[in-house]
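The next block holds one structure in the form of structure tokens; read it before the comments.
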Amino acid sequence: MRIKTPVLTCSSSVKGGTMNWASLGKPPIQQPLTILFIGALVSACGGGGGGGSAAGNNTSSVGIKPATPEIFTVYQNKVPSTGKDYVLEIAGVSLENTSAVAVNGEPAELLIAADSQLRFVAPGVAAGEGQTEISVTTGGQTLYTHVNYDAPIDQVSKVSVGRSHSCLLRDSKQIYCWGRNTSGIAAANYDPDIVYVPTRISKYNASLTALSVVDVATGDYHTCVALENGAVECWGQDSRGQMGNSSTSGSAIPLAVDGISNATKVSAGERHSCALLATGALTCWGEWASGVDIGDGDTPASTPIDGITKVATAIASGAAHVCALLDNGAVECGGNNQFFQLSDGSLDGSSAAKSATAIASASNHTCALLENDDVVCWGYNGNGSLGSNSFVGASSAAPQKVDGIDGLTPDTTAIAISANCAAMETGALKCWGENDYGIVGDGTTEHRLSPVAVIGLDGVNRSVAKVTNNANRTCATLETGGVMCWGYALYGRLGLGNWDSQSSPRPVSLFNGTDAHAIALDMGQDGGCAIDTSGALSCWGTNDNGVLGTGQNQTALEFTDTPMAVSGIDGISATATHISRGYSSACAVLSTGAVQCWGYNDYGMLGQDPNISKNASPTNVYGLDGTTKATAVAIGYSHACALMETGAVKCWGENYDGQLGIDSTVTTESYQPVDVTSLDGVTARATQIDVGEYNSCALLDTGAVKCWGSNSDGRLGVGDDQVYQLDTPTVVAGIDGSSDASRAKSLSLEWNHGCAVMKNGSVRCWGANGSGQLGDGLTENAYTPVEVQGLPSATDVSVGSDFTCARLSNSGAKCWGSNSDGTLGRGNQLDSATPATVIGFNGDNAALAALSVGERNACGLMTNGALMCWGRSSTGALGNDYLKNNEPTMELMAESPTGIIIGF
């Protein structure tokens, strides 16, 4: 996002803070100010934002100019079950007398007004793409700001972990920081005490080489960056000269380091900073330990790594030492040697076992990846920091070989290292050492003397490209460009929006490698579920019988209009690949091929003992534990079916109408999956399945569609209105796969009708038609498929209780049938027996990647990963707080697609 604001001012708030080698007070500046919404990022004070030009950030004198405010920021507070709960801060302005907040002219619900902070709930029109205006009326005067969405977030190339804050560098050459913000270290000229999620340091962007960041380093209480033009800038505390500008005043505004114009890399420690120059020389400034200055302590001083006789290619700083990797593979260190962290000099580049290809330092030790594929560490060995179970000393000047990393197999060959972790050739990550706060990432807090596997980073579901750790936490950059962190979370250090320490990896907010948060969704009765890019699963809407899967029953959590994480399917310990949300139950297929279900268990429809009436947490379906792999699942009113990897179909639950595909006179229900007659993956191979109220259908690889179960209202489409039910799969009339005209490519079922998309892009529907949901312009039931009239070429179709929607080949959408809850998305409540265009989804401005229809609502998955929904909104079914009334009234609907669901 980028904002346009009144002419406000941004001012800084400054707070005060042995090597073996022989204020700046500035006046407030007028600049565009910053806004941050969770789910999107925006420009900050001093910024060009998103690579855009300065002209895009012009300010205007609309409203009142407050007395020297320093901040105007808005962020989602992420309080469960409160909808779009936002906090707005304007430093320097008292907001206690605020009388109104409005978003795009719509009144917001004001929750708290105290000092310089407001909390409010935005109206439904607040979210979505395009410009958003926020106005605040305080003390009889009105202040305005505008928000615009910037270009998509691109990927992360480096993470730097400091004592209590961290920063990351993106491919766009911008940086984002989070954590404790002492002296502005995590925000640069923006002064909340804590920055909970990655926030862009807005001064830097790729439009100018003087503002384009190529490297970042975080010290204890300062931050430094190397810029594309060779300059180095630092900010934060400067009590020991660590900012390198002949001053010890410190600054929350980035200031240039004296005399450096050709830097390529930077590193930072407790009270020192270093830069690697383009010549291969190393220069450092600040102090190594109390009273031990580097040079004069304020400005960069040369080191024996002069770029001529000794040329460095990489540098790594610990708390009070720095090591340099030379071009011949040797490693030389300088600084404080209290724990022998300067090594014994044996890594001299004389052989493969003495030549390094990478180095990494933590507080008091350093590790190196050697040319012979070993990893060695030296320095402090408290709690196993050196990774060698056979070395028992407190410290070691001699490099100790880390156990089990020897280059003999892909699983023992390291490609990247930190001071306590190694990323293996397989993409897996192994860590060792001190583990009080779970920094090792194995789900425990037990110290590890030798490397152990990190949970979820196994090279299968996620592959690690780089890793860094320091001060009781670890962060890994994934091959996808995402970032995951774990360990000590005090002051929001993990970037997860809270203080909750983690003993296994968690995705850093917003940075999952792509803006396309959602990749799959399914709507059910008054709610839906979606899978994000990490494979994590979230659900929203009613929690009837625990259908949200959060582990909470309906008494503890009645409903939510904000997507909530499904217990255990977090993209780490378990990864979802397919989701089905039914009436009061839901099921997911995991990456292992197992099927898990939760919610209402009547007739054993969860694949669990029917004596268990409900289950609020995902549990394996009996026998479908991944031994035989499923690829898709569908759950309906009282039964469910799974499509197996072989093309066979298995069903479980109620069978009074033959919906399990077996003899209903013998078996009326089964919580154990049974094989559907004839759909065995050999004589007939299914490629898609779906279930209705009391019936089931399968699309075969021949293009034929077969259905079984109840035939009430003609929902089996077999052409015979005298057939009450069929216990075995039977071909739908006219969709037998015998020719191109009779081949389907997708299908969908709901309560009492079904539809199929044919090979030529037409859609045929059958079953109940009282509201025109078959799309043939009539309202009579159809026992054989009828063609939807006036519909352009469709790619897929989704069926609701009495309406239907199709995604078109141009990525737009059309719906038809009942519109009493705004389910057709056309901005009114008029039924239509023929397709009507969904507002905003015309394939030009908003492109659909997928579409899912529930009982009385629908959601579209956009190509950028956002979700937009319409229809009945009671109990949070639309995933936002469009209206917050539990009673289904005429107002409880969105007649056209509403704002983007928070979190997607």
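The values are calculated or read from the model by the stated rules, or taken from the named source; none is laboratory data. Note that the structure is a prediction, hence the values are computed from the model and not measured. No Cβ is skipped: glycine too gets one built from the backbone with ideal geometry, and neighbour counts run over all protein chains shown.
Would you confirm whether or not the stretch 449-459 contains a residue that is touching a Lys or Arg at 6+ places or on another chain (Cβ under 7 Å), within 12 Å of S385 (Cβ to Cβ) and surrounded by fewer than 24 Cβ atoms within 10 Å (Cβ to Cβ)? No; the residues of the stretch 449-459 include none that is touching a Lys or Arg at 6+ places or on another chain (Cβ under 7 Å), within 12 Å of S385 (Cβ to Cβ) and surrounded by fewer than 24 Cβ atoms within 10 Å (Cβ to Cβ).
When we screen D721, D740 for residues that are at pLDDT below 95, touching a Gly at 6+ places or on another chain (Cβ under 8 Å) and surrounded by fewer than 21 Cβ atoms within 10 Å (Cβ to Cβ), the only hit is D721. If you go through the stretch 123-138 and pick out every residue that is surrounded by fewer than 20 Cβ atoms within 10 Å (Cβ to Cβ) and either of a type in the set (D, E, K, R) or modelled with pLDDT under 75 (or both), you end up with 6. Would you be able to say whether some residue in the stretch 540-559 is among the β-branched types (V, I, T), surrounded by fewer than 24 Cβ atoms within 10 Å (Cβ to Cβ) and under 30 Å from V159 (Cα atoms)? Within the stretch 540-559, none of the residues are among the β-branched types (V, I, T), surrounded by fewer than 24 Cβ atoms within 10 Å (Cβ to Cβ) and under 30 Å from V159 (Cα atoms).
Quick grid of which residues meet (1) within 33 Å of the chain's Cα centre (by Cα); (2) not β-branched (V, I, T):
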site: A632; (1), (2): yes, yes
site: M644; (1), (2): yes, yes
site: Y656; (1), (2): no, yes
site: S664; (1), (2): no, yes
site: T667; (1), (2): no, no
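The conditions of being over 22 Å from V589 (Cβ atoms) and assigned to a strand (DSSP E or B) are met by S678.
Scan the stretch 258-308 for residues that are among the β-branched types (V, I, T), at pLDDT 95 or above and not in a strand (DSSP E or B) and the total you get is 3.
Here W499 meets each of (1) at pLDDT 75 or above; (2) within 24 Å of V161 (Cα to Cα) with one exception, condition (1). A419 meets the stated requirement of being at negative phi, touching a Ser or Thr at 6+ places or on another chain (Cβ under 8 Å) and at pLDDT below 95. With respect to (1) assigned to a strand (DSSP E or B); (2) small (G, A, S); (3) crowded, with 18+ Cβ neighbours inside 10 Å, the lone exception for G607 is condition (1).
Contact annotation: residue pairs with Cβ atoms under 8 Å, 6 or more positions apart or on different chains, pairing a residue in the stretch 207-229 that is within 16 Å of A186 (Cα to Cα) with a partner that is of a type in the set (D, E, K, R) and part of a strand (DSSP E or B), are D215/K158; D215/K265; V216/K158; C224/E233; V225/D215; V225/E233.
Here are some residues: E787, E780. Which one is of a type in the set (D, E, K, R), modelled with pLDDT of 95 or more and within 15 Å of I735 (Cα to Cα)? Write out each step before concluding.
On the way: E780 fails: within 15 Å of I735 (Cα to Cα).
Result of the check over E787, E780: E787.
Could you tell me which of the residues L643, L699 is under 24 Å from S739 (Cα atoms), assigned to a strand (DSSP E or B) and at pLDDT 95 or above? Give the derivation first.
Numbers: L643 fails: under 24 Å from S739 (Cα atoms).
Checking each option against the conditions leaves just L699.
Confirm whether E371 is among the acidic types (D, E) and crowded, with 20+ Cβ neighbours inside 10 Å.
Numbers: among the acidic types (D, E): yes; crowded, with 20+ Cβ neighbours inside 10 Å: no.
Against the criterion (among the acidic types (D, E) and crowded, with 20+ Cβ neighbours inside 10 Å), E371 does not qualify.
Scanning the stretch 732-775 for residues that are touching a Lys or Arg at 6+ places or on another chain (Cβ under 8 Å) and among the hydroxyl-bearing types (S, T, Y) yields nothing.
Does at least one position in the stretch 771-788 carry a residue that is of a type in the set (D, E) and closer than 27 Å to A586 by Cα?
The first filter runs over the stretch 771-788 and keeps only residues of a type in the set (D, E), leaving 776, 780, 787.
Now narrow it down to the ones that are closer than 27 Å to A586 by Cα: none.
No, the conditions are met nowhere in the stretch 771-788.
Highlighted here are the strands (runs of 3 or more DSSP E) found entirely within the stretch 329-415 that include at least 1 residues which are within 26 Å of A281 (Cβ to Cβ), hydroxyl-bearing (S, T, Y) and out of contact with any Cys (no Cβ under 8 Å at 6 or more places or on another chain): 356-361. The set of residues in the stretch 762-808 that are outside any loop (DSSP other than H, G, I, E, B) and among the small types (G, A, S) comprises G767, A782, A794, S798, A806. A count restricted to the stretch 591-603 and to residues that are surrounded by fewer than 24 Cβ atoms within 10 Å (Cβ to Cβ) and either over 14 Å from N620 (Cβ atoms) or touching a strand residue (DSSP E or B) at 6+ places or on another chain (Cβ under 7 Å) (or both) stands at 6.
Note on the stretch 217-239: residues that are in a strand (DSSP E or B) and of a type outside the set (F, W, Y) amount to 12.
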